[in-house]
Amino acid sequence: MSASHRRARRLTRSLLACACLCAAAAPLAARQSAHASPDPAKEARLAWFREAKYGLFIHWGLYAIPAGEWKGARIPGIGEWIMHRARIPVREYEELASRFNPIKFDADAWVQLAQDAGMKYIVITSKHHDGFALFGSKVSRYNVVDATPFRRDIVKELAEACAKRGMRLGFYYSQAQDWHEPNGAGNDWDFKPNAEKDFDQYLRDKAYPQVRELLTGYGPVALVWFDTPQLMTSERARRFTELVRSLQPDTLIDGRLGAEGDYISTGDNIIPGEKQTEAWETPATINHTWGYRKDDVDWKNPGEIVFKLVDIVSKGGNYLLNVGPMADGVIPQASQDVLRAAGQWLRINGEAVYGAWPTPFGEEFGEASAKGAKDLRGSPLFLSWNDYRVTAKPGKLYFTIFVEPRVPVELPPMKNAVKRAYFLANGLPVAIAEKDGRQSFTVPRPILDPMGTVIVVEIEGERVAR
Ligand code: JFZ
C-alpha cells in the first residue's frame, strides 16, 4: 500500500467515524495550499469537482414500486434495501420488473430540477445492490430495456438530457453486492454465503463488462460511484480502476471502490468537524432514505440544506444530495420544492459557494467543551457553533451568517488589511469597526436573509495571512 493510499485510508476512517478529527486533520489543515495532492493527473481530473460543490444523487430502481412495504407489511430501513431486509427471493423480486413502467419519467425535467437547484452534477444508480440495471445492458437481461414493459434506456435518456444542458453525469454502480446473482456479494437467502461464492465469476461475467458498457455507451462519464466494497481485494479493485482509466481517463472514482479513489466519500450524511485538504464528498439524504419510501416525508428544509452546503464548502468538500423518484418516474414534489428553494438562495449567493476555497480560519466551527464533557465514544465533546461559516476566493472572504448575531461579529485575527465589506445580495456596504486591534462588523436586524446572509469582506492580498 502506498503512503498516499494509507493516508487516504486513515482519513476515510476518521471521516467515517465522524470524530472531531482533531488529531487526523490538524497536519492536513496546517498545509496552506488547498491542493496539496502530489499527483498532478489526479488534481487535473478533480478540477471540475472542486469547483462544482453540489450534486444531485438519484436512487432509482425496482424498489420504488414496493416503496418500503412488502405484502402489506412495513419493512423498516432504507427503501432500496427492501429485498435484503425482507429476504425477498430473487424469483419474487424479479417480478417487479414486469411492473416497472414509469410513464411519467422525463429526463429533461430531472436535469431541469438539478439546474434549478443550483447543482452541477448528477449521479444516478445505474445498478444498485438488487442487481437491476437502469440501462440497456447486453451483459445481463435483468435491465430496464429487456425486462420491463417500459423498454426505454433510462440512463441513455438522462445522458442525452445532461449533454444537451451541459450537466455532468456520473454513475453509481454496485460493484460488489449483487443480490440477483448467485456469485454476487450479499444474497445469502437464495444463495451460498459470501465465503463460498465464486465472486470472480460474477465480476468477470457481470460487473466488469457492465462498467465497460457504462463507460463506452453513454458519452463522457463524470465519475463512477462504487459502493460497499465487500470481498473487494486490492487486486479486484484494481481491475475496475484500470477499466475506468483506460476507457475514460478523466472520469473520477469515488472513495468506496475498495482501493484508493480520486476523492474521499464520507459516511452517509456525515460532515467532518474540520476542513480537509483531500477532495471529499458527503453523500446525503433529503429525508431518511435513498430509494423512495412512501412513509418517509420528513424532508430537510431549505435552510438546513443551505447550512450543510456552506458548512461542507467551508471545509473543502462537496455535497451530493439525494432524491428518490417514485415508481411512475416523478421525483416527489415536496423534495423538488425544497431543492428549488435552496436553489433560489444559490442564485443570489452562489459566488460564496461555487469554486470557493475552504475557510482560512476554522475557529468558527466550534470549541471543545470547557466542562470536560465526553461524546458518545468517550472522546472530548466538541460543541459545534452554527453562527456563521467562511469561504474564500482570491482577495475575498465570504461570511455566511446563519444566526442573527447579538453582538458584533469579530473577524478572526489576520495580518491582511480589510479594504471594504458589503452584502453579497444587494451590494450595500457593511461598516467595519476596529477596537483594540480587532476588526468587527455589525449585522443589522432583522437579518437580511433567514436562510443565510452573505457578507463579502475584501482583503489586501490573495489569501489570508495569519
Ligand atoms: C450505501 C448503500 O448500501 C445504500 O443503499 C446507499 O446507496 C448509500 C449511498 O450507500 O450505504 C452505505 C455505505 C457506506 C456507509 C454507509 C452506508 N458508510 O461508509 O458509512
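The values are calculated or read from the model by the stated rules, or taken from the named source; none is laboratory data. Nothing here was measured: the structure is a model prediction, and the numbers come from that model. Every residue, glycine as well, gets a Cβ built from its backbone with ideal geometry; the counts of neighbours run over all protein chains shown.
Could you check, for segment 64-85, whether at least one of its residues is touching a residue at least 60 places away in the same chain (Cβ under 8 Å), farther than 30 Å from Gly355 by Cα, in a strand (DSSP E or B) and within 16 Å of the ligand (Cβ to nearest atom)? No. When restricted to residues that are in a loop (DSSP other than H, G, I, E, B) and among the hydrophobic types (A, V, I, L, M, F, W, C), segment 253-267 contains 2. For segment 253-263, the set of residues classified as buried (at least 24 other Cβ atoms within 10 Å of the Cβ) and either among the β-branched types (Val, Ile, Thr) or within 11 Å of the ligand (Cβ to nearest atom) (or both) consists of Gly255 only. Being more than 16 Å from the ligand (Cβ to nearest atom), over 16 Å from Ala64 (Cα atoms) and touching a residue at least 60 places away in the same chain (Cβ under 8 Å) is a property that holds for Gly118. Summed over segment 41-63, residues that are in a helix (DSSP H, G or I), within 14 Å of the ligand (Cβ to nearest atom) and aromatic (Phe, Trp, Tyr) total 1. Taking strands (runs of 3 or more DSSP E) that fall entirely within segment 321-400, which contain at least 3 residues that are at pLDDT below 95? Those strands (runs of 3 or more DSSP E) span 366-368, 382-384. Among the residues of segment 349-372, those that are touching a strand residue (DSSP E or B) at 6+ places or on another chain (Cβ under 8 Å) and among the hydrophobic types (A, V, I, L, M, F, W, C) comprise Ala352, Val353, Ala356, Trp357, Phe361, Phe365, Ala368. As a summary of the residue check, Met326 satisfies the conditions (1) in contact with a helix residue (DSSP H, G or I) (Cβ under 8 Å, 6 or more places away or on another chain); (2) crowded, with 22+ Cβ neighbours inside 10 Å; (3) within 30 Å of Phe105 (Cα to Cα) except for the one numbered (2).
Restricting segment 125-168 to residues that are surrounded by fewer than 24 Cβ atoms within 10 Å (Cβ to Cβ), aliphatic (A, V, I, L, M) and within 22 Å of the chain's Cα centre (by Cα), which is farthest from the ligand (Cβ to nearest atom)? Out of the qualifying residues, it is Ala163. Residues in segment 447-466 that are assigned to a loop (DSSP other than H, G, I, E, B), on the phi < 0 side of the Ramachandran plot and more than 27 Å from the chain's Cα centre (by Cα): Ile447, Leu448, Glu460, Glu462, Arg463, Val464, Ala465, Arg466.
Matching residues to (1) assigned to a loop (DSSP other than H, G, I, E, B); (2) modelled with pLDDT under 95; (3) within 13 Å of the ligand (Cβ to nearest atom):
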residue	(1), (2), (3)
Asn269	yes, yes, yes
Pro272	yes, yes, yes
Thr282	no, no, yes
Tyr292	yes, no, yes
Asp296	yes, no, no
Lys300	yes, no, no
Glu304	no, no, no
Phe307	no, no, no
Tyr319	no, no, no
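Filtering Leu28, Leu21 for residues that are in contact with a Gly (Cβ under 6 Å, 6 or more places away or on another chain), modelled with pLDDT under 95 and not β-branched (Val, Ile, Thr) leaves a single hit, Leu21. For segment 212-252, taking the residues that are closer than 15 Å to Ala176 by Cβ, within 16 Å of the ligand (Cβ to nearest atom) and not in a loop (DSSP other than H, G, I, E, B), the one that is farthest from the chain's Cα centre (by Cα) is identified as Ala237. Scanning segment 132-149 for residues that are β-branched (Val, Ile, Thr) and part of a loop (DSSP other than H, G, I, E, B), we see that the one that is nearest to Ala97 (Cα to Cα) is Thr148.
Cβ-Cβ distances below 9 Å connect no pair with a first residue in segment 258-283 that is free of Cβ contacts under 8 Å to residues at least 24 places away in the same chain, a second residue that is away from the ligand (no atom under 13 Å from the Cβ) and part of a loop (DSSP other than H, G, I, E, B), and a separation of six or more residues or different chains. Name the pairs whose Cβ atoms lie under 8 Å apart, with the first residue in segment 229-245 and closer than 10 Å to Leu257 by Cβ, the second β-branched (Val, Ile, Thr), and 6 or more positions between them or separate chains? Matching pairs, first to second residue: Phe240/Val211; Phe240/Val224; Phe240/Ile253; Thr241/Ile253; Val244/Val211; Val244/Val224; Val244/Thr251; Val244/Ile253.
Please go through segment 135-175 and give me each residue that is farther than 14 Å from Val221 by Cβ, hydrophobic (A, V, I, L, M, F, W, C) and in contact (Cβ under 8 Å) with a residue 24 or more places away in the chain, ordered by number. Selection gives Val139, Val144, Ala147, Phe150, Ile154, Ala161. Inclusion of Glu181 among residues that are away from the ligand (no atom under 16 Å from the Cβ), at pLDDT 95 or above and closer than 17 Å to Leu62 by Cβ is warranted. Within segment 294-327, the set of residues being out of contact with any His (no Cβ under 7 Å at 6 or more places or on another chain), under 30 Å from Pro149 (Cα atoms) and small (Gly, Ala, Ser) comprises just one member, Ala327.
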